1. Provide the per residue accessible area, probe 1.4 Å, for the chain, rounded to a whole number of square angstrom.
2. For the chain, what is the calculated [θ] at 222 nm in deg cm²/dmol (nearest 500), taking -39500 (n - 2.57) for each run of four or more DSSP H residues and dividing by its residue count?
3. Under a 10 Å cutoff between Cα atoms, tell me which one of A57, A102, A166 has the largest fluctuation in the Gaussian network model of the chain.
4. If R₀ is 35 angstrom, what is the calculated FRET efficiency for the pair D4 and Y116, using the beta carbon separation as r and rounding to 0.05?
5. How many percent of Cα pairs in the chain exceed 24 Å?
6. Describe numerically, in nm with one decimal, the distance between label points set 7 Å from Cα along Cα→Cβ at L140 and at A86.
7. I'd like the trypsin sites (Lys or Arg not before Pro) in the range 1-66 restricted to DSSP loop residues with at most 10 other Cβ atoms within 10 Å, sorted by number.
8. Taking Cα atoms, how many degrees apart are the long axis of helix 78-91 and the longest axis of the chain, rounded to 10 and kept between 0 and 90?
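The values are calculated or read from the model by the stated rules, or taken from the named source; none is laboratory data. The model shown is predicted, which means the values in this text are computed figures rather than measured ones. Cβ sites come from the backbone with ideal geometry, for glycine too, and all protein chains shown count toward neighbours. Ligands, DNA and RNA are stripped out before the accessible areas are found, and what is left, the full protein with its side chains, is counted by its heavy atoms. Shrake-Rupley method; radii C 1.70, N 1.55, O 1.52, S 1.80 Å.
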Amino acid sequence: LLPDFVGRHRLEPANASVSAASAVGETGGPALMGILIQTLGGPIAIGVDALTYLASALSLGLIRSREPRPAHESGASGALEAWAGARALFLHPLLRPLAIAAALQRVGGGLFDALYEFYALKDLRLSPLAIGGLITAGGLGALWAAYISPRIARRLGSGPALTAGATLYGPGTMLVP
């Protein structure tokens, strides 16, 4: 719905703003959660986290914009339309590598996210506050990237900027240890 909210001419800055909002959450959330876990305990911290999801759901419910209906209805089943979309995606010379890279990033990121905190707690014996601080440092990096990405896209163009970001992402994660 973002293009409907801001218009196609403002889509890149709007995407940067969405990334910045996510980075702010990644920056402040883990630090706050580390403080809550350390001072109030895990169950209360989880309750607070659940309340933030409730607030998010309520906020989404306040959006009154409606998604426009498709220009045409094919009459095909959802499964056939999904298959046609996947086929078009993987036949496209630019979208195929982006989709594969995104899928690999999601799988690898999911594995990393699932193990990161256990490793930090059990093996490194870091406190919840220290883990929150480390995750906050990553959020600061994401916030900086969201801030500079529109400038980079204007200077290099969207395609080269996307390629540069994807190329730097992998080595950047090597800094985590």
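1. In whole numbers, the chain has 75 Å² accessible per residue.
2. Only helices count here, giving -27000 deg cm²/dmol.
3. A57
4. The calculated FRET efficiency here is 0.45.
5. Across the chain, Cα pairs with separations above 24 Å total 55 percent.
6. 4.3 nm
7. R64, R66
8. In the chain, helix 78-91 runs at an angle near 90 degrees to the longest axis.
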